[in-house]
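Peer 1: Here it is: the structure, laid out below.
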Amino acid sequence: MAEGFGAGHSPRNDLDLLEFERILLRQRKNVSDGFQRIKEGTFSQSLKDSTGESSSYDQHSADLAAETFERGKDLGLKDGLEIDRAKIDHALDRIKRGTYGYCLSCGGLIPEGRLRAAPEAERCVRCAESQEVKPASRRPVEEEALRNFPPMGGIETLTDDVYTHGENVPAGPHRPRPR
């Protein structure tokens, strides 16, 4: 449904909206501080400057790999913080519009306990769970190709059934096939 779904509702009077606004503003400051630290630390200098070398040609590949990994990690953290900041900003906007605490999908009330755990929550638990993307399988897709690969009739892998925990496991060359 549209983001303004709760617009027909009056602001929640069972919640202390000023308290939630303070919580969200504190979270926003923490996120902005973290974002600024990453920006000043990692992205304020080039890879060449951060390694202290004039050229990467004579650098050991492990040294460059470590620095590249750290930069990639910081970039991922920065992206996550930007997403968190946007969620917090949307929640603050919903407080101003009087739609905070209403599920954006079904329009129902988001329980106070959920809002205390995740003040930026946009959906009730039921709607949030229904929108989660669940993996179709926990096993790599290549294993299916190996199991059915002729002429051997399949290849048994050492990691079969590690993550199944009672799930229905497809028959393979090392398991009896149902008749």
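The values are calculated or read from the model by the stated rules, or taken from the named source; none is laboratory data. What you see is a predicted model, and the numbers here were worked out from it, not measured in a lab.
Peer 1: Is it true that G6 is on the phi > 0 side of the Ramachandran plot and either modelled with pLDDT of 60 or more or not aliphatic (A, V, I, L, M) (or both)? Even if it seems obvious, please write down each step before you answer.
Peer 2: Numbers: on the phi > 0 side of the Ramachandran plot: no; either modelled with pLDDT of 60 or more or not aliphatic (A, V, I, L, M) (or both): yes.
Against the criterion (on the phi > 0 side of the Ramachandran plot and either modelled with pLDDT of 60 or more or not aliphatic (A, V, I, L, M) (or both)), G6 does not qualify.
Peer 1: Give me the helices (runs of 4 or more DSSP H) completely within the range 34-141, filtered to those with at least 1 residues that are modelled with pLDDT under 85, ordered by residue number. Reasoning before the result, please.
Peer 2: Values: elements: 47-51, 61-97, 112-117, 125-131.
Ranges flagged: 47-51, 61-97.
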